[in-house]
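**Student:** Right, I'll just put the structure down here and ask away after.
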Amino acid sequence: MIVLQDLRFAYAENAQTSFSLNIPNWQILPNEKVALVGPSGSGKTTLLYLLAGILQPSEGVVKMGDFIISQANELQRRSYRLKEIGLIFQEFELLEHLTCKENMLLPMRLCDSGISKSHQDRVEELANVCGVKNKLNEYPQKLSHGERQRVALCRALISRPKYIFADEPTANLDASNKKRVLGLLTDYVSEQDATLIMVTHDVTSLERFNRVIDFTDFTQ
Amino acid sequence: MSELLYLAWCYLRYHWVKTLALILATTVIVFLPLGLREIIQKSAETLQSRAETSPLLLGAKGSPLELVMNSLYFQSHVQETLPYRYVEDARKTELGWPIPLHVKFKSGAHAIVGTSLDYFSFREMQLRSGRLMAMLGECVLGSEAAKKLKVLPDSENDSVISTPDNVFDLAASYPLKMKVVGILQETGSMDDEAVFVDIKTAWVIEGLAHGHEDLQSKAEEEAILRHDGNKIIANASVKEYREITPANLATFHFHGDVKDFPMTGMLVVPDNKKAKALLLGRYENNDGHLQILEPLSVIDDLLETVFAIERYVMSGMALVAFSALCIAGLVFVLSIQLRKKEIATLHKLGVAQGKIITMLGLEIIMTLASGVLLAWLIAACFGLWGTNFIFEMISAL
C-alpha cells in the first residue's frame, strides 16, 4: 500500500519554475490501477518522481508499504527503486548501446544480485508476451516506437516490481500499440498484485483504471 | 564489478569507431617515447656487445665512426682504404693477430665481407653445413643471409651473385657469381646477414684480378690489338669469366702487387694488454695516414650523443603527450556531456552514483589501457625486429 501524508513539494527558490505541489492524505491499495490526469505542468510527473524517490518532498511522508521512502537516504532510495519499482517513460529511455536483451537485463545487472539463469528465462518470457522475442539481439535504434516501448516495459517488469509508475507510456504510440501496452500493464498488475500509477492524457484508456485522479487542484 | 565492466565494454563496442580512434591516439602517444627508448636500448646493447668483442681496429685516416660501422657492422662505406701490406707488418710485430677486412660490395642487401679464415676463429663462428671457403670464388653465408637468399643447407651448386656498383657504367666491375660452400650457425650479430669470401675474391669483384680466354692461342689472334712489353692489349671480344670454376681458375691473375691491394679495415687482436698498448702506440705515431681505434670507445661516444638527443626528444614528446592527453580528457568530458540523458536514465532507474562513475571510469580505463598495451606490444616488436633500423639510420648520417 502507498500512503501519502500532507505531501508538499516545491522546486528550489533559484529554479526556473515557481511550481509547488500540495497533496492531502492519500492511500493507494495493492492491485489498484490509478490514472493521473490533468494539464501539462500540473505536477503528475513530479508526483511519480516523489513516489519513486527520485525527488524528495519538502514536507510530508511517502510510505511504500513499510518503507518510508521520503525519510530514506539517497542510496537507500535508489536501491529500493531498482528492486521494487518499475519505471516506464514517455521517451522509452532505452540505452542505445545495449541490445534489447541487455536493456531488459539492465536493472538486474545493476542490482548486487547479478544475472542468473532465471533472469535470462524471465527475459525470454517477457519478450514473448510483449511480442519482441525476435528483437532481443537488436539495438533500440532499429526498432519501431511500439517495439521500443514494449522493450522498456519488459525492462520495468524484469524484477517483478510491486509498483509500476508509468509516465505517459502510450503518448508516442499508435492505437494498436497503445492498446497492447496498456493490456500488458494491466495484466501484470492483476497477475502480480502490483500497483500501477500511470500519468496519461488519453481519456479513452481511463476505463481500465480503478481510480482517476485529476491534478488540476493540487498545484499553486 | 564484472557487470559494470560488461556494461562499459558494451558502450565501447557500440561506439567502436570512436573507441578505436581513441585507442590508436593513445597508442601513438605512448608508443613514440616507449618505442624510441626500446629501440635505442636494444641498439645500444647490440652495438656495444659487438664492439666489446673487437679489441683494435686499424684503418685509413678518416671518420672513426665510419670505419667502425663498416668493419664491425658492415654498414656505411669508408672513403679511404689501407694497403694489404699492413697485415704482414702487423704479423711481423708479433704483438697480435691481424685480420684483413674488405667490406665494399653487396649481394642484394647482404654485405660481401672479404676476409681471411682467421675471422671465423676470432668470432668463434661455427658451420651449420658445408665447409669454409678454400678457393677463389667460393663463399660462406651467414644464417640469415642464407635464409633470405633462399640457399638451403646441404644444397650443392647454390650460388650468389655480387651486385654491380653501377649498372650504367660499362667500365665498372661485372658481377661475380660465387659458389656457396657453407652456411654458418646463427650468432645473433651482423655476421648472420653477411656473405663471407676470401679477401682475394673481394679483389676479383673490385676488378683487381680477372680471368679470361687464353690470348696466346691462334684462335684468339684477331682479338689482340697490340703487344706492349709484357702486356697484351685485346679488344672487347675476349671473354671474361664471371664465375670462377676449377676449369678456369688457372686463368685468374692479379694485376699489380697484392701488397698494395686495398683493405677497408683490419682487426687486430693483441696477445695481451701490454701488446695492445704497444700496438696503439705504434699506429698512433704513424705518418698520419692511419688510425687505430678501440671500437668500444667510438661506440660509447656515439651512444652518448644518441642518448643526449634522446633526452631532448623525450622532453618534447612529454609536452606533446601532455597536450594529447588534455585533448583526450576533453573528448571524455564532452562525451559525458553528450550522455547526460543516458546518465539521467540510470539515475532514475535507481543506479547508485558510485556505480555510474565507476562505469564511466572503466570505459576510460579500458580505452587507455588498450592503447597502452598496444603501444607496449608494438614497442616490444620494434625492439625485436627494429635493430637493423638503427644501423640504417646511422649509415644514413
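Read the figures in this text as sums done on the coordinates, not as results from a lab. The model shown is predicted, which means the values in this text are computed figures rather than measured ones. All Cβ positions, even for glycine, are placed from backbone atoms using ideal geometry, and neighbour counts span all protein chains on display.
**Student:** If the cut-off is 13 Å between C-alpha atoms, which aspartates and glutamates fall inside it for B:Lys355, apart from same-chain ones fewer than 8 positions away?
**Tutor:** Within the straight-line cut-off, B:Lys355 pairs with A:Asp112, B:Glu3, B:Glu363.
**Student:** Let me ask you something else. Cut-off 10 angstrom, C-alpha nodes, Gaussian network model of chain B. Which of B:Leu374, B:Leu101, B:Leu267 fluctuates the most?
**Tutor:** For chain B, modelled as a Gaussian network with Cα springs under 10 Å, the answer is B:Leu374.
**Student:** I need the trypsin sites (Lys or Arg not before Pro) found in region B:8-64, filtered to DSSP loop residues with at most 16 other beta carbons within 10 Å of theirs.
**Tutor:** Within region B:8-64, the qualifying trypsin sites (Lys or Arg not before Pro) (loop, at most 16 other Cβ atoms within 10 Å) are B:Lys61.
**Student:** Enter the Cα centre distance for the pair region A:129-171 and region B:65-129, rounded to the nearest angstrom.
**Tutor:** So the two Cα centres are separated by 80 Å.
**Student:** Among A:Arg78, B:Arg85, what is the fewest-to-most ranking by other Cβ atoms within 10 Å?
**Tutor:** By the 10 Å Cβ count, ascending: B:Arg85, A:Arg78.
**Student:** log₁₀ I(q)/I(0) of region B:256-365 at q = 0.16, 0.22 Å⁻¹, via Debye over equal Cα point scatterers, no solvent, to two decimals?
**Tutor:** Each listed q corresponds, in turn, to -0.94, -1.21.
**Student:** Across peptide B:9-15, what mean number of C-beta atoms from other chains lies inside 10 Å of a residue's C-beta?
**Tutor:** Averaged over the peptide's residues, the number is 3.
**Student:** Taking 56 Å as R0, compute the FRET efficiency from the Cβ-Cβ separation of B:Lys231 and B:Ala109 and round it to 0.05.
**Tutor:** Calculated value: 0.90.
**Student:** In square nanometres, what is the average projected area of the Cα convex hull of the protein assembly as shown?
**Tutor:** Projected area, direction-averaged: 45.2 nm².
**Student:** Looking only at A:Ser70, A:Ser40, A:Ser190, which one moves most when chain A is put into a Gaussian network model with springs between Cα atoms under 10 Å?
**Tutor:** Of the options given, A:Ser40 has the highest mean-square fluctuation.
**Student:** On to the next question. Give me the dipole magnitude in Debye, nearest 20, for region B:1-137 about the Cα centre, with unit charges on the beta carbon: positive for Lys and Arg, negative for Asp and Glu.
**Tutor:** With Lys and Arg at +1 and Asp and Glu at -1, about 360 debye.
**Student:** Considering only Cα-Cα distances, which of the following residue pairs are longer than 31 Å: B:Lys61/B:Lys179; A:Lys142/A:Lys179; B:Lys179/B:Lys259; A:Lys83/A:Lys179; B:Lys18/B:Lys147; A:Lys117/A:Lys142?
**Tutor:** B:Lys61/B:Lys179; B:Lys18/B:Lys147
**Student:** A further question on this structure: Over all distinct Cα pairs, what is the inverse of the mean 1/r for region A:34-185, reported as the Kirkwood hydrodynamic radius in Å?
**Tutor:** 16.2
**Student:** Compute log10 of I(q)/I(0) for chain B with the Debye formula, placing one identical point scatterer on every Cα and leaving out solvent, at q = 0.07, 0.11 Å⁻¹, to two decimals.
**Tutor:** Each listed q corresponds, in turn, to -0.51, -0.88.
**Student:** Any chance you could list P(r) for region B:336-384, counting all Cα-Cα pairs in 5 angstrom bins from zero, rounded to whole %?
**Tutor:** It works out to 5, 19, 18, 16, 10, 9, 8, 7, 5, 3, 0, in whole percents.
**Student:** In region B:92-136, what is the volume of the convex hull around the alpha carbon atoms, normalised per residue and reported in Å³?
**Tutor:** Cα convex hull per residue, to the nearest whole number: 126 Å³.
**Student:** Calculate log10 I(q)/I(0) of region A:1-93 for q = 0.10, 0.18, 0.24, 0.26 Å⁻¹, where I(q) comes from the Debye formula with a single equal point scatterer on each Cα and nothing for solvent.
**Tutor:** The Debye formula, applied to the Cα set alone, gives -0.26, -0.89, -1.50, -1.61.
**Student:** Determine which aspartates and glutamates satisfy two conditions relative to B:Lys274: a Cα distance under 16 Å, and not lying fewer than 8 residues away in the same chain.
**Tutor:** B:Glu94, B:Glu284, B:Glu294
**Student:** Same structure, new question: Specify the inter-centroid distance of region A:1-78 and region B:270-344, based on alpha-carbon positions, in whole Å.
**Tutor:** If you average the Cα positions of each part, the centres end up 67 Å apart.
**Student:** Here's something else I'd like to know. Rank the residues B:Thr251, B:Thr46, B:Thr305 as a footprinting-exposure proxy: fewest other Cβ atoms within 10 Å of their Cβ go first.
**Tutor:** B:Thr305, B:Thr251, B:Thr46
**Student:** What do you get for Rg/Rh of region B:301-380 when both radii come from the Cα atoms and Rh is the Kirkwood radius?
**Tutor:** Rounded to two decimals, Rg/Rh equals 1.22.
**Student:** Taking the 0 to 90 degree range and rounding to the nearest ten, how far is the long axis of helix B:340-349 tilted relative to the main principal axis of chain B, both from C-alpha atoms?
**Tutor:** With rounding to tens, the tilt is 50 degrees.
**Student:** With the Cα gyration tensor of region B:224-285 in hand, convert its eigenvalues to equivalent ellipsoid semi-axes via √(5λ) and list them largest first in whole Å.
**Tutor:** 43, 17, 9
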